[in-house]
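The values are calculated or read from the model by the stated rules, or taken from the named source; none is laboratory data. The structure presented is a predicted model; accordingly, all values stated were derived computationally and were not measured. No Cβ is skipped: glycine too gets one built from the backbone with ideal geometry, and neighbour counts run over all protein chains shown. For accessibility, only protein heavy atoms count, side chains too; no ligands or nucleic acids. Shrake-Rupley method; radii C 1.70, N 1.55, O 1.52, S 1.80 Å.
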Amino acid sequence: MGATTTLHALPRPPQSGGAQLVPSAVMAMLIFVVTEIMLFAGFVSAFTIMRRSALVWPPPGQPRLPVMETAANTALLLASGVTLVIAHRAFRRHAPDARTPLLATLLLGSAFVVLQGREWVQLLAAGLTMTSSTLGSFFYLVVGLHALHAVVALGLVASAWSRLRRGFLARSFFGVTEVFWYFVVGIWPLLYWRLYL
Amino acid sequence: MATQTMTAGAAGEAHAAHAEQTFWQRYVFSTDHKTIAMQYLFTGMAMAVLGGFFSYVFRMQMAYPGAEVPFWGIVTPAAYNTLITNHGAIMIFWVAMPVLIAAFGNYLIPLMLGCDDMVFPRLNRLSYQIFLLSVLVLFSSFFVKGGGFGGAWTVYPPLSSKAEYNLTPGGSTIFLIAVALEFVAFLMGGINFITTAMNSRAPGMKMYDIPMVVWTIVLASILFMGSVGPLVAGAVMLIFDQTIGTAFFDPNRGGDPILWQHLFWFFGHPEVYVVLLPALGIVAEIITVFSRKKLFAYRTAIYVAIATCVLSFTVWAHHQFIAGIDPRMANIFTVTTLLISVPVAQMMLVYIATLYGGSITFTTPMLWALGFIATFLLGGVTGIFLGTAGSDIYFHDTYFVLAHFHYTFYPIAIIGSFAGFTFWFPKMFGRMLNETLGKIHFWVTITAFSGTFLPLFVTGILGDNRRIPDHRIYPELDTPMLNGLREFATISMVIMLLVQFVFVFNVVWSLRRGKKAGKNPWKANTLEWTADSPPPHGNWKDLPRVYRGPYEYSVPGRSEDYWPQDVPN
């Protein structure tokens with residue numbers, strides 16, 4: 001790998017004409033997020049079609065989704081988004097100040113994932129499984145996919161936090177982390193609205 | 001990145017260090033965009049051979065049902081299903097996309113933008129590796145119990161979701177996994193293309209100085225990114241239906257099979273434009289160079305390409321007119337489908353207006369580009385009958401549909417690729433192709449192509465149904481007229497396949513004996529022609545600077561009829 005790294009140490013074109021509007025890494029993450037939004041849009045629209053065309057909804061004999069508990073979880077997740085905004089402002093002003101709000105983001109986000117996991121365990125015990133009904137299939141698929149994204153994004157946040165602690169958090173890495181975590185936070189209320197309400 | 005701070009001298013040392021790379025580093029695990037482009041190109045070509053062989057086997061079965069096919073044997077109905085499914089999937093996902101987008105995109109984008117490599121070279125390498133993995137996964141599906149998937153490349157449930165219907169329980173899941181991996185590969189490639197075009201252009205290159213082919217490949221990547229999500233969602237749901245017994249697409253248990261068709265075609269139709277756009281760009285480049293004229297209405301051509309992208313999201317249900325969708329919806333989709341022919345027709349007018357009054361040279365790439373226009377127009381016009389709900393009810397699932405989409409996909413994937421390959425061959429390998437052999441190859445291929453698919457339009461109109469492994473069991477399809485047309489089509493198709501040996505010979509011979517190309521054999525303007533042929537690692541010693549648009553040909557008052565982008569005056 002060492003060899004390839006030096007090989008790519010060729011001069012980029014002088015930045016006179018083509019200043020980067022958005023850093024490349026952040027740009028790449030933004031494009032990826034657009035694809036992800038379309039992926040979730042696919043699932044959610046499929047779920048909506050299925051729900052609308054069902055004769056009876058919700059499926060009889062199936063447990064109801066816990067609307068209130070999840071609302072509380074949603075609040076946790078949204079709060080983690082707010083702490084990340086605070087971290088962003090602190091990072092701009094004086095980078096080490098971003099440590100505390102970043103840690104808060106990490107903890108709030110982890111609490112969301114853990115509490116959603118607890119909800120899954122309860123629902124599974126109550127008889128809602130992947131194969132028990134289309135509600136169950138979609139619920140576990142969409143929420144599970146979101147949880148997967150949340151875990152990956154938490155990994156990024158944790159990595160950003162530990163880099164910052166050691167004092168070398170690059171602006172582009174922080175930007176990538178931010179874009180992905182805002183995506184995880186931003187898509188959840190929509191999923192909550194379509195799936196739970 | 002230390003790149004910004006390095007001096008030119010240090011860059012020179014980096015060049016020198018390059019020479020010590022081993023074979024593996026240089027050709028297999030390279031991060032160089034040109035090597036990755038070649039990997040995509042040759043993998044795509046190898047897959048084209050496989051896809052072509054599959055079509056030879058089932059076309060022989062169509063013309064001579066029940067007879068033993070040379071190099072294959074008796075074609076069983078199960079083998080027929082597997083062959084036809086994988087022919088379609090391979091030609092679209094493993095030939096058209098890697099060659100047109102990944103190979104030409106990787107090769108041309110950094111060279112035409114005047115930078116040394118993609119923005120994310122390692123992501124680029126990973127993209128090819130995942131693509132290769134998808135190829136291997138697809139191959140593995142042929143060797144599991146029941147054989148490769150045989151439920152058509154559109155993978156409609158319940159045929160695809162229930163093993164008792166498709167009889168290929170292993171193959172159908174592996175097929176979906178292979179397709180999903182291929183999408184991941186193109187996702188990475190697309191992110192690279194878009195970011196590179198945004199952030200790595202040569203100094204002085206503004207938005208409207210970017211060559212058409214870069215525009216179209218980047219737009220195609222954006223289109224792919226925007227449309228692939230719902231299909232991945234559907235594929236995940238279908239894999240769960242196949243493996244753990246969910247009922248997303250099972251109407252008995254609350255699912256909806258039509259839902260798959262929506263998810264599939266929401267991607268599937270933009271996909272047509274994903275592969276069309278790069279071909280349109282390639283043809284635009286070739287036509288301007290060999291007409292020695294400015295590309296007619298360059299900006300309009302870009303807007304037209306963007307309009308095609310936007311409209312292509314609104315046409316998907318024209319594949320489902322007879323699937324039981326609401327007839328009012330069919331009306332809407334008829335209108336949007338006919339609407340999308342407007343920007344595509346405009347693009348054709350851009351080409352014809354560029355040709356008008358130009359000093360045209362009929363080189364091999366130019367012949368391919370003109371062949372593209374002629375054949376693609378026929379493909380587009382026959383699409384109108386299928387895009388209109390009323391006539392589609394009659395034509396649906398006949399050979400008319402098959403002939404129509406081969407008249408669009410063949411110009412895109414085969415003619416477009418040959419056009420691009422013959423045009424950039426001197427740049428890629430530093431030698432010229434033989435023109436005589438190239439012209440023989442062109443004329444025989446294009447004649448045999450028409451001989452293959454024109455008869456199939458007729459059999460389709462006469463009511464010949466697709467996806468029937470042996471039509472002798474339907475007396476009304478076993479008439480002498482239909483059989484004659486089928487046989488004619490098959491013979492043409494075999495000729496078309498055989499003449500590809502001329503192409504292979506031409507390439508192999510030219511690589512060794514061809515005339516040295518020099519930097520700019522076609523006297524073209526775009527930046528890739530200012531690099532050495534083939535370009536070294538890093539492309540240029542001093543990266544170019546751009547002073548004007550890419551199509552300044554025959555400018556009055558200049559002694560030469562071309563005006564490269566990097567020449568100050």
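Scanning the stretch B:353-372 for residues that are outside any loop (DSSP other than H, G, I, E, B) and buried (at least 18 other Cβ atoms within 10 Å of the Cβ) yields a total of 11. Does B:Thr436 qualify as being among the polar types (S, T, N, Q), part of a helix (DSSP H, G or I) and more than 25 Å from B:Pro65 (Cα to Cα)? Judged against the criteria, B:Thr436 is a match.
For the stretch B:379-391, the set of residues classified as buried (at least 16 other Cβ atoms within 10 Å of the Cβ) and out of contact with any Pro (no Cβ under 9 Å at 6 or more places or on another chain) consists of B:Gly380, B:Thr382, B:Gly383, B:Phe385, B:Leu386, B:Gly387, B:Thr388, listed by residue number. Listed conditions (1) away from chain A (no Cβ under 14 Å); (2) open to solvent by 10 Å² or more (accessible area, probe 1.4 Å); (3) in contact with a helix residue (DSSP H, G or I) (Cβ under 8 Å, 6 or more places away or on another chain) are all met by B:Val213, apart from (2).
Of all residues in the stretch A:63-87, those that are farther than 30 Å from B:Ser227 by Cα and open to solvent by 30 Å² or more (accessible area, probe 1.4 Å) total 12. Checked against (1) touching a Phe, Trp or Tyr at 6+ places or on another chain (Cβ under 9 Å); (2) at pLDDT below 95, B:Met428 meets all criteria but (2). Of all residues in the stretch B:219-229, exactly one satisfies the criterion of being free of Cβ contacts under 8 Å to residues at least 60 places away in the same chain and not hydrophobic (A, V, I, L, M, F, W, C), namely B:Gly229.
Applying the condition of being more than 7 Å from chain B (Cβ to nearest Cβ) and under 14 Å from the mean Cα position of the chain (by Cα) to the stretch A:22-35 and asking which residue is most open to solvent (accessible area, probe 1.4 Å) yields A:Leu30. Scanning the stretch A:36-62 for residues that are more than 27 Å from the chain's Cα centre (by Cα), open to solvent by less than 40 Å² (accessible area, probe 1.4 Å) and at the interface with another protein chain (Cβ under 8 Å from one of its Cβ atoms) yields A:Ala54, A:Pro59. Select from the stretch B:80-118 the residues that are open to solvent by 20 Å² or more (accessible area, probe 1.4 Å) and of a type outside the set (S, T, N, Q) and list them in ascending order. B:Ile84, B:His87, B:Met91 - these are the residues of the stretch B:80-118 that are open to solvent by 20 Å² or more (accessible area, probe 1.4 Å) and of a type outside the set (S, T, N, Q). Here the condition is being within 18 Å of A:Pro58 (Cα to Cα), of a type in the set (Lys, Arg) and touching a residue at least 60 places away in the same chain (Cβ under 8 Å); of A:Arg99, A:Arg194, it holds for A:Arg194 alone. Within the stretch B:88-113, the only residue that satisfies the criterion of being in contact with a Lys or Arg (Cβ under 7 Å, 6 or more places away or on another chain) and within 14 Å of chain A (Cβ to nearest Cβ) is B:Leu113.
Taken over the stretch B:296-331, the criterion of being among the aromatic types (Phe, Trp, Tyr) and part of a loop (DSSP other than H, G, I, E, B) is satisfied by B:Phe296, B:Phe313, B:Phe321. Determine whether the stretch B:513-521 contains at least one residue that is within 29 Å of B:Gly51 (Cα to Cα) and either in a helix (DSSP H, G or I) or free of Cβ contacts under 8 Å to residues at least 60 places away in the same chain (or both). No, there is no match, as no residue in the stretch B:513-521 is within 29 Å of B:Gly51 (Cα to Cα) and either in a helix (DSSP H, G or I) or free of Cβ contacts under 8 Å to residues at least 60 places away in the same chain (or both).
Just to be sure, is B:Val499 within 26 Å of the chain's Cα centre (by Cα) and open to solvent by 40 Å² or more (accessible area, probe 1.4 Å)? No: the conditions fail for B:Val499.
Taking the condition open to solvent by less than 20 Å² (accessible area, probe 1.4 Å), in contact (Cβ under 8 Å) with a residue 24 or more places away in the chain and in contact with a helix residue (DSSP H, G or I) (Cβ under 9 Å, 6 or more places away or on another chain), does A:Trp188 pass? The answer is yes for A:Trp188. Against the numbered list (1) under 26 Å from B:Glu285 (Cα atoms); (2) within 14 Å of chain A (Cβ to nearest Cβ); (3) under 21 Å from the mean Cα position of the chain (by Cα); (4) open to solvent by less than 20 Å² (accessible area, probe 1.4 Å), B:Phe183 comes up short only at (1).
Contact annotation: residue pairs with Cβ atoms under 6 Å, 6 or more positions apart or on different chains, pairing a residue in the stretch B:199-218 that is under 18 Å from B:Met97 (Cα atoms) with a partner that is surrounded by fewer than 20 Cβ atoms within 10 Å (Cβ to Cβ), are B:Trp215/B:Ile302. Name the residues in the stretch A:64-106 that are more than 16 Å from A:Val143 (Cα to Cα) and either acidic (Asp, Glu) or not in a helix (DSSP H, G or I) (or both), would you? A:His94, A:Asp97 - these are the residues of the stretch A:64-106 that are more than 16 Å from A:Val143 (Cα to Cα) and either acidic (Asp, Glu) or not in a helix (DSSP H, G or I) (or both).
So in the stretch B:512-545, with the set limited to residues that are modelled with pLDDT of 95 or more and among the aromatic types (Phe, Trp, Tyr), which one is farthest from B:Gln565 (Cα to Cα)? Of everything passing the filter in the stretch B:512-545, B:Trp522 is farthest from B:Gln565 (Cα to Cα).
Scan the stretch B:142-159 and give yes if some residue there is in contact with a Ser or Thr (Cβ under 8 Å, 6 or more places away or on another chain) and hydroxyl-bearing (Ser, Thr, Tyr), otherwise no. Scanning the stretch B:142-159, I find no residue that is in contact with a Ser or Thr (Cβ under 8 Å, 6 or more places away or on another chain) and hydroxyl-bearing (Ser, Thr, Tyr), so the answer is no.
Among the candidates B:Trp260, B:Trp265, the residue that is open to solvent by less than 10 Å² (accessible area, probe 1.4 Å), part of a helix (DSSP H, G or I), among the aromatic types (Phe, Trp, Tyr) and touching a residue at least 12 places away in the same chain (Cβ under 8 Å) is uniquely B:Trp260. Before we move on, is B:Ile384 modelled with pLDDT under 95, of a type in the set (A, V, I, L, M), in contact with a Ser or Thr (Cβ under 9 Å, 6 or more places away or on another chain) and part of a helix (DSSP H, G or I)? Answer is yes for this residue. For B:Lys516, the test of being of a type outside the set (Asp, Glu), away from chain A (no Cβ under 14 Å) and open to solvent by 10 Å² or more (accessible area, probe 1.4 Å) is passed.
Taking the stretch B:62-77 as the range and being within 27 Å of B:Thr173 (Cβ to Cβ) and within 28 Å of the chain's Cα centre (by Cα) as the test, only B:Trp72 passes. Residue-level analysis places B:Ala301 outside the set of residues that are in contact with a helix residue (DSSP H, G or I) (Cβ under 9 Å, 6 or more places away or on another chain), surrounded by fewer than 21 Cβ atoms within 10 Å (Cβ to Cβ) and more than 11 Å from every other protein chain (Cβ to nearest Cβ). Taken over the stretch B:454-471, the criterion of being open to solvent by less than 30 Å² (accessible area, probe 1.4 Å) and among the charged types (D, E, K, R) is satisfied by B:Asp464 alone.
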